[in-house]
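Report on the structure given below.
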Amino acid sequence: MAIRALADMGDRSYLPLLERLSDDANPDVRTQAILALGLLGGESELTRLTALARRSTSMDERQTAIQAIGYTASLKAVPVLISLITMAGSGQPSASVNWSTSLTRHSLPPAKQRTSLQYQAEWEDWWGHNKAGAHAYGPFDCTGPSFPWL
């Protein structure tokens, strides 16, 4: 709760502390620090969060890093999330796809089964056609189109 409170304060001087805590031995502390980096650091933490998502051997930590990338409210996070769709691991496409949807409010039609590569290709196509007019939404931003899964 204390880590989340630091992020909610909006004081970016806490970023170095959160960066250190994102490597903490305690997995609960690490998880909250990673999420807080996305909330507080936004775009400035994309490099760190992307590295965490790519190098983590823990599925939970990888998905936490993907969630934090979605929390950044930055359009620069969209191609990162798209690139993470095909990472190996159970549940990986859904985490990247869900946070791409949350960030952009765009969702793919639900009518068919897709492989990770198909998800990625469809998102790349959409991004290529829509990035100029796209808007990034934060995780608590209630404006814009509604979430398709609600």
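The values are calculated or read from the model by the stated rules, or taken from the named source; none is laboratory data. Predicted, not measured: the structure shown is a model, and the values here were computed from it. All Cβ positions, even for glycine, are placed from backbone atoms using ideal geometry, and neighbour counts span all protein chains on display. Ligands, DNA and RNA are stripped out before the accessible areas are found, and what is left, the full protein with its side chains, is counted by its heavy atoms. Shrake-Rupley method; radii C 1.70, N 1.55, O 1.52, S 1.80 Å.
For the reader, a short list of remarks on this structure follows.
- Accessible solvent surface per residue of the chain, calculated while the other protein chains remain in place, 1.4 angstrom probe, Å²: 52
- Within a Gaussian network of the chain (alpha carbon springs, distance under 10 Å), most fluctuating of Gly138, Gly38, Gly70: Gly138
- Pairwise FRET efficiency - Asp24 versus Ala121, Cβ, R0 = 22 Å, nearest 0.05: 0.05
- Surrounding net charge for Glu45, when Lys and Arg each add one and Asp and Glu each subtract one, Cβ distance under 14 Å: +1
- Given their separation in residues at 0.36 nm each and the Cα-Cα distance between them, His135 and Gln113 gain 5.2 nm when the chain is fully extended.
- In order along the range 53-60, phi translates into HN-Hα couplings of 5, 7, 9, 5, 8, 9, 4, 4 Hz, rounded to whole numbers, per the Karplus curve 6.51 cos²θ - 1.76 cosθ + 1.60 with θ = phi - 60° and x for Gly and Pro.
- The chain - percent of accessible surface contributed by carbon and sulfur, probe 1.4 Å: 54
- Euclidean distance between Cα centres, the range 1-29 to the range 118-140, Å: 29
- Choice from Ala33, Ala132, Ala68 with maximal GNM fluctuation in the chain (Cα, 10 Å cutoff): Ala132
- Mean Cβ neighbour count within 10 Å, used as a protection proxy, ranking 95-105, 73-83 highest first: 95-105, 73-83
- To the nearest ten degrees, helix 92-104 and the longest principal axis of the Cα atoms of the chain are 90 degrees apart.
- What the phi angles of the range 127-132 give under the Karplus curve with 6.51, -1.76 and 1.60, with θ = phi - 60°, is a coupling list of 4, x, 8, 10, 5, 5 Hz, glycine and proline written as x.
- Value at 222 nm in deg cm²/dmol, rounded to 500, when DSSP H runs of n ≥ 4 in the chain each add -39,500 (n - 2.57): -16500 deg cm²/dmol
- Surface/4 of the Cα convex hull for the chain, nm²: 9.0
- Between the helical axis of 27-36 and the longest alpha-carbon principal axis of the chain there is an angle of about 70 degrees.
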